[in-house]
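Below is one structure, written out as structure tokens; the observations come after it.
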Amino acid sequence: MKKEKKHLDFELNLIPFIDLLSVCICFLLITAVWMNVGSVNVKQAIGGQSAAETEKKPTLWVFLADDGGLTLETRDSSRMPASLQKYSLKGQEGKTDLKQLLVQLQEMKRAEPELRTALIQPKPQTSYEEIINLMDSFKTAGMADLGVVPL
Amino acid sequence: MLNQSVLKMTSLQSPLLAASALKPKQNVWKKGLAADLLLTALIDAFSILVIFLLMSFSSTGEILFINKGMELPKASRAEVLDRNPVVKIDEGKIYLEDKLLTAETLISELLDIRKKFSIDRPGEEFRGIVTVQADRRIKYEFLNQIILACAHAGFSDLRFAVTMK
């Protein structure tokens, strides 16, 4: 007796699959966070150790001016050449020249690779955005430890 | 009635149906105006959408509630934001977790958080992290009050909320 040949192929029911994908899309669209928010981390000194006990590390002090200019001053560094220890950068239309700052910071990092700390001293009228832009430039230049000097 | 519907009369035979192994209906293509929906292309589009949305999915959810008028500064070297006490500066007012405060009362509230932490988790080191959410246009003289209050209360780690570039 000859057996009837069975079909090995079968039809995949796509409707539940489409349903599942639709539910997934709806859920993900509702729960999606469209604004990508991050944080710029700053470590502030809050006291506890005296200045004499604190280990001396090369530190870059950044003094902001009202016109967007700034002065970079390296302290506690033996390797930094005298020409780079104090450097002034003029502001451009009331804003800091971030490109020039980055070039200067990279030069300083080449001279003193241990330079990882920067302390920013803004003016009362300095905008928050300007401070964050500066911090971003310092992070780009490889300075991980940042601080803001209170008024 | 259903068999006489316009769609039934005018639609093309589905390629899936035509290729079906159980009920093969090859060579029964009808000429018509409307083409049947191509399910393969639809599933492809859905799958791409699901993959894209899954990649951009954030399990942490909304940590910060940003009001309509507030614009966060932008930064390219920002780190991932964690859940910490949030100090918000909005329209010249200071809020700690949506509670309206002044610079003086902020110190006592932050000290309360610190005290509560030492009661809840005895022996654990207090990390002193606070997230600062402020508009990009505010001046440093205002932000200075927050920095000083945090320093007074022993919160040394400040996380300035930014929008990623």
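Every read-out reported here was derived from the displayed coordinates using simple, explicitly stated rules and does not represent laboratory data. These figures come from a predicted structure and were not determined experimentally. Neighbour counts are summed over all protein chains in view; Cβ atoms, including those assigned to glycine, are modelled from backbone coordinates with ideal geometry.
In the stretch B:123-165, the qualifying residues are those that are outside any loop (DSSP other than H, G, I, E, B) and basic (Lys, Arg), and the one that is nearest to residue B:79 (Cα to Cα) is B:159. Where strands (runs of 3 or more DSSP E) fall entirely within the stretch A:46-151, those with at least 2 residues that are free of Cβ contacts under 8 Å to residues at least 24 places away in the same chain and more than 30 Å from residue B:152 (Cβ to Cβ) are at A:86-89.
Here the stretch B:63-96 is the region considered, the condition is being among the small types (Gly, Ala, Ser) and surrounded by fewer than 19 Cβ atoms within 10 Å (Cβ to Cβ), and the residue that is nearest to the other protein chains (Cβ to nearest Cβ) is B:76. The residues listed here are B:76, B:47; of these, the one that is free of Cβ contacts under 8 Å to residues at least 24 places away in the same chain and of a type outside the set (Val, Ile, Thr) is B:47. A single member of A:101, A:119 is within 30 Å of residue B:84 (Cβ to Cβ) and more than 13 Å from chain B (Cβ to nearest Cβ), and it is A:101. Restricting the stretch A:10-31 to residues that are among the aliphatic types (A, V, I, L, M) and surrounded by 12 or more Cβ atoms within 10 Å (Cβ to Cβ) leaves a set whose member that is farthest from the other protein chains (Cβ to nearest Cβ) is A:20. Check whether at least one residue in the stretch B:142-165 is farther than 24 Å from residue A:149 by Cβ and either more than 9 Å from chain A (Cβ to nearest Cβ) or exposed (fewer than 14 other Cβ atoms within 10 Å of the Cβ) (or both), and report yes or no. Within the stretch B:142-165, one or more residues are farther than 24 Å from residue A:149 by Cβ and either more than 9 Å from chain A (Cβ to nearest Cβ) or exposed (fewer than 14 other Cβ atoms within 10 Å of the Cβ) (or both).
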